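Okay, structure first, notes after.
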Number of protein chains: 2
Amino acid sequence: MKRCAMCAALVILSVLTASAEEGMWTFDNPPKEAIQQKYHFTLTQEWLDHVRLSSVRFNDGGSGSFVSPHGLVLTNHHIARGQLQKNSTAEHDYVRDGFYAPTPDQEMKSPDLEVNVLVSMENVTQRVHDALAPSQTPEEQFKTRQGVIAQIERESTEKTGLRSDVVTLYGGGEYWLYRYKKYTDVRLVFAPEMQAAYFGGDPDNFTYPRYDLDMALFRVYENGKPLDSRNYLKWNPKGAEEGELVFVSGNPGSTDRLSTLAQLEFQRDYELTHALSLRKNRIETLARFSATSPEHAREAGSQIFFLSNGVKAITGMLEGLENPRIIATKKADEEKFRSAVEADASLKAKYGNAWDELAAVVQKEAPRVKERFYHTTDSRLSALAGYIVDYVAEIKKPNADRLPGFHDSQLESLRYEMLSPAPIYADMEIAAITGALHRNLDQLGPNDPFLKIVLNGKTPEQAAADLVHGSKLEDPKVRKALIDGGQAAVDASTDSMIVLNRNLDPLRRDFIKWFQDNVESVEQRAGEQLGAARFAIYGRNTYPDATFTLRLSYGTVRGYPMNGTIAPPKTTFYGLYDRSASFNNKPPFNLMPRFAEKQKELDLSTPLNFVTTNDIIGGNSGSPVINQAGAVVGLIFDGNIESLVGNYVYDIKANRAVAVHTAGMTQALRKLYGADKLADELMGAER
Amino acid sequence: MKRCAMCAALVILSVLTASAEEGMWTFDNPPKEAIQQKYHFTLTQEWLDHVRLSSVRFNDGGSGSFVSPHGLVLTNHHIARGQLQKNSTAEHDYVRDGFYAPTPDQEMKSPDLEVNVLVSMENVTQRVHDALAPSQTPEEQFKTRQGVIAQIERESTEKTGLRSDVVTLYGGGEYWLYRYKKYTDVRLVFAPEMQAAYFGGDPDNFTYPRYDLDMALFRVYENGKPLDSRNYLKWNPKGAEEGELVFVSGNPGSTDRLSTLAQLEFQRDYELTHALSLRKNRIETLARFSATSPEHAREAGSQIFFLSNGVKAITGMLEGLENPRIIATKKADEEKFRSAVEADASLKAKYGNAWDELAAVVQKEAPRVKERFYHTTDSRLSALAGYIVDYVAEIKKPNADRLPGFHDSQLESLRYEMLSPAPIYADMEIAAITGALHRNLDQLGPNDPFLKIVLNGKTPEQAAADLVHGSKLEDPKVRKALIDGGQAAVDASTDSMIVLNRNLDPLRRDFIKWFQDNVESVEQRAGEQLGAARFAIYGRNTYPDATFTLRLSYGTVRGYPMNGTIAPPKTTFYGLYDRSASFNNKPPFNLMPRFAEKQKELDLSTPLNFVTTNDIIGGNSGSPVINQAGAVVGLIFDGNIESLVGNYVYDIKANRAVAVHTAGMTQALRKLYGADKLADELMGAER
């Protein structure tokens, strides 16, 4: 931790005006001039369209890209992991052992994976803003806004048949209608063993240098045939050189760079603290469950993996907000912005109250924040039951009046999820619910209304067992019958999970209403005001916070100062063998047997992973790293530990995106996995 | 940077009572019980004597050990570097190219290297303390103390013929007479190329994971023949396993763990700041000089190396003292100690004023601190001239009245240094003096009396050139003539450097007197008081601050949490090739050609470096890592970046000693350097 008088000043600049390399830019507003000036590269509309249409988003929460004209999609092993798990059985553990289909008929259907391609973007800001009357209260505006958004989405879906989402950008400074082409026949072609993809395990997660083959290849089918994917990224097996300009196209999940200081302090003191505690509790519960048998360990593996990931990420975010330097920067930032607004009488009248309103909101939110975290049973069955109970009620209402998540445009994906054939493990459900109820009792006490309903006078153990044993919802057919039967079928159901969720429903709806009226509506109005104020003062040469929608970032391949020395721009296969031998091949640093057996066939100096200055965040996993020619040179799979504060600030000094190198992937496919055919397809040979 | 409520508390404990693994213990008081309890290993007197007599100290500032019965001494390349440099010429660059003498007659004499073996230790505390009357002023005590110490040393030298030093431990809580057997015929047997020893250069310096073959082998001769070194450490080429108990025997240079808060704040705000600034300036000067020709670069290389090392070390120390957590710990520490003293009326009367007195000292010291740093010309010639001018004056005085450094016991080593045949480069001298004078003018202004004398109305450039061109002191014979000629010869000399130092001498003596009367004498008395108070309260189950005298530390081979992940307990040759390839073999990460050419002959999984929890610090470089059987398993060459605060606190969590592994050294000698004969000698075969 070097201290320098300049640091704070530098960060302030970067936050306000998006310094070089910073930014998760929307495809309608990329920083063409900055890139032209700094790298003499012209970002043409053709290049942008090609990259956008070659990029995909997964409903599992990751990104990917088409890498062959036959629907081949490249993403991370850890994005494919959920599907590998859902296809696994006690006999076949595809997560542990990997998977390769040398011929199309062996490709493996994904239970509930959905792929979205962003085919068009339309600015609907004016229409949303025009619908809102300044004389309306925040609650009235909230309803109006929800209504007009739902209407825009429905009109678009009806007109185009495409998934249509209105996306809120710049906190409401802009609204855009994004239309997606959706694919649901997505088959797994290749995934390495988990240990090859996730070498170094939780310790190495979110760090660099890394040595991970965190890749997977799916193939998108349409009408039972491989998709004729005209827009795809060519494969460049040489990768990118140190200092080379590269782009990342993907779907960063969420950031809070435009949040006010009051909102950040609320995150630090309430939200992140509970989010962390919740995950740690769930990991403990699942670890205890895993210890009871190898099969249980397999069943819980995927969830523990994602929860551990979350713990490390949230810890990094929390440390960012506990860093006095970052808070000081944010404060200076806000004071400058606010002074500029207050210095202009017209801006002050329109937007000047937004900060105080947001500060008041978090004061109001704080006493009820625990309900958001601990009114849950951590149960998959209960979550499905909750969807079904709400679904049959909501679809009877006008689109605009529905609960969030139940608008027309969202229904198809929701039904897809509600009917997923992915297995649900009764023992794990009981363990999860038991753990959740004990934790919630600690946090909320026995008089909490949610707990009273769930426990119904029983112990957590008894309640959990009764709930799971009394439900048949693990069977997708049972769920389908309820959905098809509508409100009457749900009302008549004696399934324990349906009954529970019928009983919980009023509580849930009350909270949602309270939250919308007191929090969301004020946040949305203030967000729109700050968004507009920001445009007025800083212009549009900026980017919105991440929203799990498609963004473009640019940067260069570059090492960084690390723990007293320099981290290299790339790692090689040598390093994989070093790190394994350094720990005597002990997990999580053990080599997959094929890596040990076939070492002699490898060129160990081949790059395996590399780092770039691209500004990314969770959700970008699986994004392609693209060179100026529009070819893929790498595959984003992580950020370094220094990037965890990226939720709040970007600092080019040490914030790095971590990617798998195309040379490493090519060598692995050919030399380690005997997947020459697949490598040939990537290289452009005919299938 | 994880935050935890417990951290501060843990550190407090470790500082006060020396937690497990902490401590640089004197050989008379090793923590036998703790080691017995924790590791079930009995530290016998025989084991201790054997290890002590196998350990050596170099006058260059490092440590080493005998590793064969024929006087072979193992140490670091960077400890041997000064001698390699001094033996080098424009034709033969031994620093760059390394050196190997396959036969004894090829072994290379070191110009001015001295090896000391600690052959006996005697507690003389009582004699020193008895000489001091409580009624004396600090200045009187200072003189008395200096007198009795000089007398003890002289008596010992006369009686035994051995180098005899009275060592101040626990700030004066104890005084010990250490007697050394001294060897000055020390010949170089083997050193690898600098780039193999110092792979990763300044960036990797003080960090880990590392991949450095930082070793050298000397042979000590006596009466023209290899020393019959009965006490030597056997070579264990397997090294030590993770978790194995190991010892380090060597000479840690200095620490400030027992300093008061006022003293630490003074270090932070004055001493370290100037020490850093001075070194940075010298590096800039020498870098400019190096840029003028490859020969100049070679000449300046060794100094730049040591100065850069210092910059990184001091930066780490400064960051430690700027860390509010460490300062808070130190404060809590001191308050606890002080309260305990004040709670006992007798202790309070005897020792209670010491803290306030030390706080007053630094107040007095601050206004003149710059003189200590900037009353220098950075010139080797001037330093030699200064020694000569003082030497001829001091040796006429009674031993006790002399300036520090000129006592009888120190004279032989001083004469050895004054007559060193190591080359002095005139161009580099001029560059160094010019740079120093400009810097000093910036710091002190043109009216500073030192600068007035040195500049004598000239520009820095002119003054530097005149001083160097007007001196013949680069010739050891000229120096010898002056020394032999005594005061008369020095008074009559017109050599510019002698004249300069004659003129500067009154200023220098005034400052030394002022410093002794106002700073040192008070510090020594207060130090004795605090030392005694510490024994009274905490007992003798503790260790003194480092004093570049022989110490034993214990610990285990162990990785540590690093930058979000775990650093491994060891590294392998694989890692060396990875780090080189990761940077495209660019300096300072370039492989020596033999490493590239002979890679196929190596077992790349062989350990190269490793880390242990042993508590070490600068001066320990070259120390052997010793297993329970008393065999050498490694060679200390560095501490990790987390250990730089070790000057003030030891934290087992991440403080690590970095060592070269015996397996790596053995493989390198045999496979890379064709030094089978040497490897055989280490392995115990007959020479």
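The values are calculated or read from the model by the stated rules, or taken from the named source; none is laboratory data. Keep in mind it's a predicted model, so treat the numbers as computed, not measured. Reconstructed Cβ throughout: ideal geometry from the backbone, glycine too, with neighbour counts over all protein chains shown. Please note that ligands, DNA and RNA were not included when accessible areas were found on the heavy atoms of the full protein model with its side chains. Shrake-Rupley method; radii C 1.70, N 1.55, O 1.52, S 1.80 Å.
List of remarks:
- For B:Tyr100, the conditions (1) more than 20 Å from B:Arg57 (Cβ to Cβ); (2) within 23 Å of the chain's Cα centre (by Cα) are fulfilled apart from (2).
- Residue selected from the range B:182-200 under the condition more than 14 Å from every other protein chain (Cβ to nearest Cβ) and not in a strand (DSSP E or B), by the criterion surrounded by the fewest Cβ atoms within 10 Å (Cβ to Cβ): B:Thr184
- A:Asp545 being of a type in the set (Asp, Glu) and within 30 Å of A:Phe337 (Cβ to Cβ): yes
- Answer residue from the range A:201-231, given it is more than 24 Å from the chain's Cα centre (by Cα) and crowded, with 21+ Cβ neighbours inside 10 Å and is farthest from the other protein chains (Cβ to nearest Cβ) among those: A:Leu227
- When the range B:285-297 is limited to residues that are open to solvent by 30 Å² or more (accessible area, probe 1.4 Å) and not in a loop (DSSP other than H, G, I, E, B), the one that is nearest to B:Asp202 (Cα to Cα) turns out to be B:Ala287.
Rundown of residues vs (1) charged (D, E, K, R); (2) within 26 Å of the chain's Cα centre (by Cα), yes/no style:
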residue: B:Arg402; (1), (2): yes, yes
residue: B:Leu414; (1), (2): no, yes
residue: B:Gly435; (1), (2): no, yes
residue: B:Gly445; (1), (2): no, no
residue: B:Ile453; (1), (2): no, no
residue: B:Pro460; (1), (2): no, no
residue: B:Ala463; (1), (2): no, no
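- Taking the conditions (1) surrounded by fewer than 19 Cβ atoms within 10 Å (Cβ to Cβ); (2) away from every other protein chain (no Cβ under 14 Å) in turn, A:Glu242 satisfies each one other than (2).
- Inclusion of B:Glu122 among residues that are open to solvent by 40 Å² or more (accessible area, probe 1.4 Å) and either more than 28 Å from B:Glu46 (Cα to Cα) or modelled with pLDDT under 95 (or both) is not warranted.
- Only one of the numbered conditions (1) within 14 Å of chain B (Cβ to nearest Cβ); (2) open to solvent by 50 Å² or more (accessible area, probe 1.4 Å); (3) closer than 30 Å to A:Ser65 by Cβ is violated by A:Asn584, and that is (3).
- Whichever residue in the range B:341-351 is touching a helix residue (DSSP H, G or I) at 6+ places or on another chain (Cβ under 7 Å) and either of a type in the set (Ser, Thr, Tyr) or buried (at least 17 other Cβ atoms within 10 Å of the Cβ) (or both) and, among such residues, is nearest to B:Ala526 (Cα to Cα): B:Tyr351
A quick yes/no check of all residues on (1) assigned to a loop (DSSP other than H, G, I, E, B); (2) in contact (Cβ under 8 Å) with a residue 60 or more places away in the chain:
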{"residue": "B:His70", "(1), (2)": "yes, yes"}
{"residue": "B:Gly82", "(1), (2)": "no, yes"}
{"residue": "B:Lys86", "(1), (2)": "no, yes"}
{"residue": "B:Val95", "(1), (2)": "no, yes"}
{"residue": "B:Val117", "(1), (2)": "no, yes"}
{"residue": "B:Ser120", "(1), (2)": "no, no"}
{"residue": "B:Gln126", "(1), (2)": "no, no"}
{"residue": "B:His129", "(1), (2)": "no, yes"}
{"residue": "B:Ala133", "(1), (2)": "yes, no"}
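Table: residues versus (1) free of Cβ contacts under 8 Å to residues at least 24 places away in the same chain; (2) touching a helix residue (DSSP H, G or I) at 6+ places or on another chain (Cβ under 6 Å); (3) of a type in the set (Ser, Thr, Tyr); (4) on the phi > 0 side of the Ramachandran plot.
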residue	(1), (2), (3), (4)
A:Ala463	no, yes, no, no
A:Arg509	no, no, no, no
A:Gln529	no, yes, no, no
A:Arg540	no, no, no, no
A:Tyr543	no, no, yes, no
A:Thr556	no, no, yes, no
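- All told, B:Ser382 falls short of being open to solvent by less than 60 Å² (accessible area, probe 1.4 Å), within 21 Å of the chain's Cα centre (by Cα), farther than 17 Å from B:Lys480 by Cβ and not β-branched (Val, Ile, Thr).
- Hits in the range B:355-372 (condition: surrounded by fewer than 19 Cβ atoms within 10 Å (Cβ to Cβ), under 30 Å from B:Ile283 (Cβ atoms) and among the hydrophobic types (A, V, I, L, M, F, W, C)): B:Ala366, B:Val369
- When A:Gly320 is tested against (1) within 14 Å of chain B (Cβ to nearest Cβ); (2) open to solvent by 20 Å² or more (accessible area, probe 1.4 Å), only condition (2) is not met.
- Scan the range B:1-43 for residues that are at pLDDT 50 or above, over 28 Å from the mean Cα position of the chain (by Cα) and of a type outside the set (A, V, I, L, M, F, W, C) and the total you get is 7.
- Take the conditions (1) open to solvent by less than 30 Å² (accessible area, probe 1.4 Å); (2) part of a helix (DSSP H, G or I); (3) among the β-branched types (Val, Ile, Thr); A:Thr377 misses just one of them, which is (2).
- Among (1) in contact with a strand residue (DSSP E or B) (Cβ under 6 Å, 6 or more places away or on another chain); (2) more than 14 Å from chain B (Cβ to nearest Cβ); (3) not polar (S, T, N, Q), the one test that A:Glu158 misses: (1)
- Members of the range B:69-101 that are surrounded by fewer than 24 Cβ atoms within 10 Å (Cβ to Cβ) and among the polar types (S, T, N, Q): B:Gln85, B:Asn87, B:Ser88, B:Thr89
- Checking each residue of the range A:606-615 against the condition of being assigned to a loop (DSSP other than H, G, I, E, B), farther than 28 Å from A:Leu264 by Cα, of a type outside the set (Gly, Ala, Ser) and open to solvent by 10 Å² or more (accessible area, probe 1.4 Å) gives at least one match.
- When A:Phe589 is tested against (1) outside any loop (DSSP other than H, G, I, E, B); (2) within 14 Å of chain B (Cβ to nearest Cβ); (3) open to solvent by less than 30 Å² (accessible area, probe 1.4 Å), exactly one condition is not met: (1).
- Residue list for the range B:455-472, filter: surrounded by fewer than 14 Cβ atoms within 10 Å (Cβ to Cβ) and under 15 Å from B:Tyr425 (Cβ atoms): B:His469
Per-residue answers, yes or no, for (1) free of Cβ contacts under 8 Å to residues at least 12 places away in the same chain; (2) at negative phi; (3) touching an Asp or Glu at 6+ places or on another chain (Cβ under 9 Å); (4) open to solvent by less than 10 Å² (accessible area, probe 1.4 Å):
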site	(1), (2), (3), (4)
B:Tyr648	no, yes, yes, yes
B:Ala657	no, yes, yes, yes
B:Gln667	no, yes, yes, no
B:Leu672	no, yes, yes, yes
B:Lys677	no, yes, no, no
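Condition check ((1) modelled with pLDDT of 95 or more; (2) in contact with a Leu (Cβ under 9 Å, 6 or more places away or on another chain)) across all residues:
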residue: B:Leu233; (1), (2): yes, yes
residue: B:Gly239; (1), (2): yes, no
residue: B:Thr260; (1), (2): yes, yes
residue: B:Arg282; (1), (2): yes, yes
residue: B:Glu295; (1), (2): no, no
residue: B:Gln303; (1), (2): no, yes
